[in-house]
Amino acid sequence: MLYQLHEFQHLALSPYRAWLNASRTALTPFENTQYGRHMRAGLEVAERLTRRYNKPEFGIHHVNVDGKPVRVREELADETAFCNLLHFKKDGVSGQPKVLLAAPLSGHYASLLRGTVEAMLPDHDVYITDWIDGRDVPLDAGAFSLDDYIELMTWYFKLLGPDSHVIAVCQPSVPVLAAVALQSEDGGIVPRTLTLMGGPVDTRENATKVNAFAKKHDLNWFKSNSIHNVPMAYPGVGRRVHAGFLQLQGFLGMNMNRHMNAHVDHFWHLVEGDGDGAAQHRKFYDEFMSVMDLPAEYFLDTIKVVFHDHALPKGELMYRGRRVNTAAIKDVALMTVEGELDDISGVGQTAAAHTICPQIPENMRGRIVQKDVGHYGIFNGRKWRGIIQPKLAEFITTHGAKPSVSKSKSKKVSKPKA
């Protein structure tokens, strides 16, 4: 019912948004007057606060490779009901290390990693998991659980081959690590390096407010308060999802004062004619306010396995009735990246992967704890580009020579139905 009310509210505000846009246009002749600047600024802020933000584009069309501009094209490398594997194909460039970016399935679109992709592209052949909005997946596609996520990762390992590298950003750290462990135990195809960035591998370490909230409420509370049916007018009508607008409320609630101040600042940037400041605000919030629905099964599995049971670090995570043994990982180099100021995955939560993967040699490990950055700054922004990414690129180069596959024991991996 809540989802239907949200949709009704959005439709009810449509005439108001139309009036806001028309009023801004009408004020164009007065845009250089003090009155006109104030009024147009107020109207823009009001319109942006009430609009629906659609899925953003990556918008990466060119990149410099060895000092020369190269065209970049998005190609669909693989397609399933819940996820597209996008390949950022560079014209005339080959032989670069293949990198799979496992984007979070946690509310925002994969385009949130635009800066991550841009920094990796000059020296790497980049693929990314582009998740489908849950409201757009028809019911006949079936469910999508944590097990399905793990299975999809093993399929991508096979698709990209044993000379690839995987980077899991935030929430995918758990299913990606599990997939590598299962494939390692089976002698299957695994990436040469595994990088976990700001991921909740063990949320008992340095618990944050996010961890405490999830731990405080039992699974029935989440089922009752966070799961809703997709309403009519969407392809996924009737599907049970954790609605994106609820996730956005959670994101905003964590730092409400900061977001309120940002919109006030945007108003004054517009009034004062600060085009750069206004453009930066629009760019950030166009991305931040764009959210997607998550399959209910995956959301609830994550709450239970990661935040309630701590199943992976305790050695109790089960995949389709089989225990996940992270100690089976021996030939995959492991890098963990954390932010000193991360208020979502506290310092130590991601590095816990080193403890539960004891068979990886010390010379195949790396750990970064970046000072003065929060969660977002781990994979976007100045310190990501200038400090973290170069270290990560060096790690990939250093450990990119040995294929990680045992043909004698390798099992056949089929494409997931989901």
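Bear in mind that the values in this text are calculations on the coordinates, not laboratory data. Keep in mind the model is a prediction, meaning the values are calculated, not measured. A quick note on method: Cβ atoms are made from the backbone with ideal geometry, for glycine too, and the neighbour counts reach across all protein chains shown.
Could you check the spin-label model distance between residue 314 and residue 217? Points 7 Å from the Cα along Cα→Cβ, value in nm.
Using points 7 Å along Cα→Cβ, the separation is 2.1 nm.
Starting from the Cα of residue 355, move 7 Å in the Cα-to-Cβ direction to define the label point; list residues of region 189-216 whose amide nitrogen is under 13 Å from there.
201-207
Whole-Hz Karplus ³J(HN,Hα) for region 356-373, in order, using 6.51 cos²θ - 1.76 cosθ + 1.60 and θ = phi - 60°, x for Gly and Pro?
Ordered by residue, 3J(HN,Hα) equals 8, 10, x, 8, 6, x, 4, 6, 10, 10, x, 9, 10, 10, 7, 6, 6, 10 Hz.
Using alpha carbons only, how many degrees (0 to 90, rounded to 10) separate the axis of helix 389-398 from the longest principal axis of the chain?
Long axis of 389-398 versus the principal axis of the chain: about 20 degrees.
Rounded to the nearest 0.05, what FRET efficiency do residue 186 and residue 52 have when you use their Cβ-Cβ distance and R0 = 35 Å?
Rounded to the nearest 0.05, the efficiency is 0.20.
Go ahead and collect, in residue order, the members of region 143-184 whose backbone nitrogen is under 20 Å from a label point 7 Å along the Cα-Cβ direction of residue 330.
162-163, 177-184
If you take the square roots of the eigenvalues of the alpha-carbon gyration tensor of region 291-380 and sort them as a ≥ b ≥ c, do you get rounded (a/c under 1.5), prolate (a/b over b/c) or oblate?
The shape class here is oblate.
Which value in deg cm²/dmol, rounded to the nearest 500, describes the helix-derived mean residue ellipticity at 222 nm for the chain, given -39,500 (n - 2.57) per DSSP H run of n ≥ 4 and division by the residue count?
Working: 14 runs with 157 residues, N = 418.
Result for the chain: -11500 deg cm²/dmol, rounded to the nearest 500.
Say each of residue 323 and residue 75 gets a label point 7 Å from the Cα, pointing the same way as Cα to Cβ; how far apart are those two points in nm?
It works out to 4.3 nm between the two label points.
Cut-off 17 Å, label point 7 angstrom out along Cα-to-Cβ of residue 391: give me the residues of region 138-179 whose amide nitrogen falls inside.
Counting only backbone N, you get 167-170.
Label-point separation (nm) for residue 249 and residue 415, each offset 7 Å from Cα along Cα-to-Cβ?
A separation of 3.9 nm, rounded to one decimal place.
Please turn the phi angles of region 197-204 into ³J(HN,Hα) values with the Karplus equation 6.51 cos²θ - 1.76 cosθ + 1.60 (θ = phi - 60°), one per residue in order, whole Hz, x for glycine and proline.
Calculated HN-Hα couplings, in order: 10, x, x, x, 5, 9, 6, 6 Hz.
Taking H placed 1.01 Å from N in the peptide plane, check which residues at least 5 places from residue 335 or on another chain put their amide H under 5 Å from its amide H.
The list, which skips near neighbours in sequence, is 194, 195, 196, 366.
Could you check which residue among 184, 226, 94 shows the biggest mean-square fluctuation in a GNM of the chain with a 10 Å Cα cutoff?
Per the Cα network of the chain with a 10 Å cutoff, 94 tops the list.
For helix 244-254, report the angle its Cα long axis makes with the longest principal axis of the Cα atoms of the chain; keep it between 0 and 90° and round to the nearest 10°.
That helix lies at roughly 90 degrees to the long axis.
Dipole of the chain (Lys/Arg Cβ +1, Asp/Glu Cβ -1, origin at the Cα centre): which of 155, 253, 39 lies farthest to the positive side?
Positive-end residue among those listed: 155.
Suppose a student asked you for the relative contact order of the chain, using Cα pairs under 8 Å spaced at least 6 residues apart; what percent would you report?
It comes to 21 percent, rounded to a whole number.
Calculate the FRET efficiency for residue 363 and residue 232 from the Cβ-Cβ distance with a Förster distance of 56 Å, rounded to the nearest 0.05.
0.45
Which cross-chain or sequence-distant (5 or more) residues have an amide H under 5 Å from the amide H of residue 125, H modelled 1.01 Å from N in plane?
98, 99
Pull up all non-local amide H partners of residue 78: gap of 5 or more, or a different chain, and H-to-H distance under 5 Å with H placed in the peptide plane.
Amide H neighbours of residue 78: 85.
Can you give me the angle between helix 14-26 and the longest principal axis of the chain, using Cα atoms only, in degrees from 0 to 90, rounded to the nearest 10?
Helix 14-26 and the main axis of the chain meet at about 60 degrees.
Based on the mean of other beta carbon atoms within 10 Å per residue, what is the order of 131-137, 394-400, most packed first?
Descending mean neighbour count gives 131-137, 394-400.
Quick check: net charge around residue 174, other residues with Cβ under 13 Å of its Cβ, Lys/Arg +1 and Asp/Glu -1?
Here the count lands on -3.
Could you tell me the center-to-center distance, by alpha carbons, between region 50-104 and region 134-150 in angstrom?
23
Shape call for region 22-154 from the C-alpha gyration tensor, a ≥ b ≥ c root eigenvalues: rounded (a/c under 1.5), prolate (a/b greater than b/c) or oblate?
Oblate shape, in that a/c is at least 1.5 and b/c is the bigger or equal ratio.
Run the numbers on region 13-166 and let me know its relative contact order in percent, using alpha-carbon pairs under 8 Å that are six or more apart.
20
Using 0.36 nm per residue of separation minus the Cα-Cα distance, give me the extension gain between residue 209 and residue 280 in nm, one decimal.
Value of the extension gain: 22.7 nm.
Only Lys, Arg, Asp and Glu count, each charged at its Cβ (+1, +1, -1, -1), so figure out the dipole size of the chain about its Cα centre, rounded to 20 debye.
480
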